[in-house]
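Student: I'd like to ask you about the structure that follows.
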Amino acid sequence: LGNQSSATALFNRKSIDTTMGFSNSEGMMMATQAGSLSYTTGLALAKKKNVSPNQLGHELSNNTGLYGISGSSSDILALIEKESAGDHRAELAVSMYVYSARQAIAQMVASLQGIDGLVFAGPTAMQSALIRKRIVDGLEYLGLVITPKLNLEEISNKKITALQPRTRSKPVLVVPIQKERIMQSHVRSFLV
């Protein structure tokens with residue numbers, strides 16, 4: 001979860017499905033991208049706004065998602081603050097983001113025909129106990145529960161953090177990722 005968000009289904013440590021598609025604007029709602037839209041929505045928008053395909057692509061990539069719904073910010077943490085101050089558009093944007101995450105998780109559960117655990121990763125997952133709580137609060141039917149006290153503790157960017165109670169829940173983990181190190185490793189493998 002972050003500016004770009006997606007869900008991935010892992011089976012035997014291999015990805016078997018993901019919400020990302022041909023472009024990075026497919027799948028979940030993101031900071032400035034609406035997520036998956038039908039092509040007819042794009043056609044209707046292009047016609048209504050009288051824009052070229054390139055202009056429409058720019059609009060859908062930069063002015064939708066959290067930013068488009070809230071009308072003020074693409075930063076989920078800033079929107080949570082605005083929501084608590086009574087900003088209804090920020091509240092709608094945050095609610096839609098959480099709903100989009102739950103839909104994506106359900107899609108991956110369907111691909112896997114069940115779930116053994118849930119792993120959160122990315123900046124939003126690391127920084128926002130509220131987003132983690134809101135997402136998991138809608139997934140109890142899958143056997144996923146988080147302990148409020150564990151969820152509110154500061155998440156380490158160096159170790160995996162378990163949020164579930166010792167009983168009654170499948171694992172719910174926050175895993176730090178270091179994209180730069182992963183990219184460096186891939187580049188090295190191509191150069192050697």
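Student: So how many residues does region 1-21 have that are small (Gly, Ala, Ser), without any contact (Cβ under 8 Å) to a residue 24 or more places away in the chain and in a strand (DSSP E or B)?
Tutor: So the answer is 1.
Student: Say we look at region 22-39 and pick out the residues that are free of Cβ contacts under 8 Å to residues at least 40 places away in the same chain and of a type outside the set (A, V, I, L, M, F, W, C); which of these is farthest from SER128 (Cα to Cα)?
Tutor: Selected residue: TYR39.
Student: Something else about it: Looking at region 125-192, what helices (runs of 4 or more DSSP H) fall wholly within it and have at least 3 residues that are among the charged types (D, E, K, R)?
Tutor: Counting at least 3 such residues, we get 129-137, 179-191.
Student: Go through TYR67, TYR97 for me and flag whichever is hydroxyl-bearing (Ser, Thr, Tyr) and open to solvent by less than 20 Å² (accessible area, probe 1.4 Å).
Tutor: Result of the check over TYR67, TYR97: TYR97.
Student: Filter region 138-152 for residues that are farther than 23 Å from TYR97 by Cβ and exposed (fewer than 14 other Cβ atoms within 10 Å of the Cβ) and give the result.
Tutor: LYS149
Student: With the structure loaded, tell me whether LYS133 is basic (Lys, Arg) and either open to solvent by less than 20 Å² (accessible area, probe 1.4 Å) or within 18 Å of ALA7 (Cβ to Cβ) (or both) or whether it fails that test.
Tutor: The answer is yes for LYS133.
Student: Still on this structure, I have one more. Based on this model, can you work out whether SER25 counts as in contact with a helix residue (DSSP H, G or I) (Cβ under 7 Å, 6 or more places away or on another chain), of a type in the set (S, T, N, Q), at pLDDT 90 or above and part of a loop (DSSP other than H, G, I, E, B)?
Tutor: No; evaluated as a whole, the condition is false for this residue.
Student: How many residues does region 3-50 contain that are open to solvent by less than 60 Å² (accessible area, probe 1.4 Å) and either more than 27 Å from ALA90 (Cβ to Cβ) or acidic (Asp, Glu) (or both)?
Tutor: 5
Student: Out of curiosity, is GLN178 among the polar types (S, T, N, Q) and within 19 Å of the chain's Cα centre (by Cα)?
Tutor: yes
Student: Among the listed residues LEU79, LEU56, which satisfies the condition of being modelled with pLDDT of 90 or more and not polar (S, T, N, Q)?
Tutor: Of LEU79, LEU56, the one residue that is modelled with pLDDT of 90 or more and not polar (S, T, N, Q) is LEU79.
Student: Also, quick follow-up: So the check is Cβ under 6 Å with 6+ separation or different chains; which pairs have a first residue in region 67-93 that's without any contact (Cβ under 8 Å) to a residue 24 or more places away in the chain and a second one that's open to solvent by less than 60 Å² (accessible area, probe 1.4 Å) and part of a loop (DSSP other than H, G, I, E, B)?
Tutor: LEU79/SER73; ARG89/GLY71
Student: Regarding SER156, is this residue loosely packed, with under 15 Cβ neighbours inside 10 Å and touching a residue at least 12 places away in the same chain (Cβ under 8 Å)?
Tutor: In short, yes.
The values are calculated or read from the model by the stated rules, or taken from the named source; none is laboratory data. None of the values given here were measured: they were computed from a predicted structure. Don't worry about glycine lacking a Cβ; one is built from the backbone with ideal geometry, like all the others, and counts go over all protein chains shown. Keep in mind that these areas ignore ligands, DNA and RNA; they rest on the heavy atoms of the full protein, side chains included. Shrake-Rupley method; radii C 1.70, N 1.55, O 1.52, S 1.80 Å.
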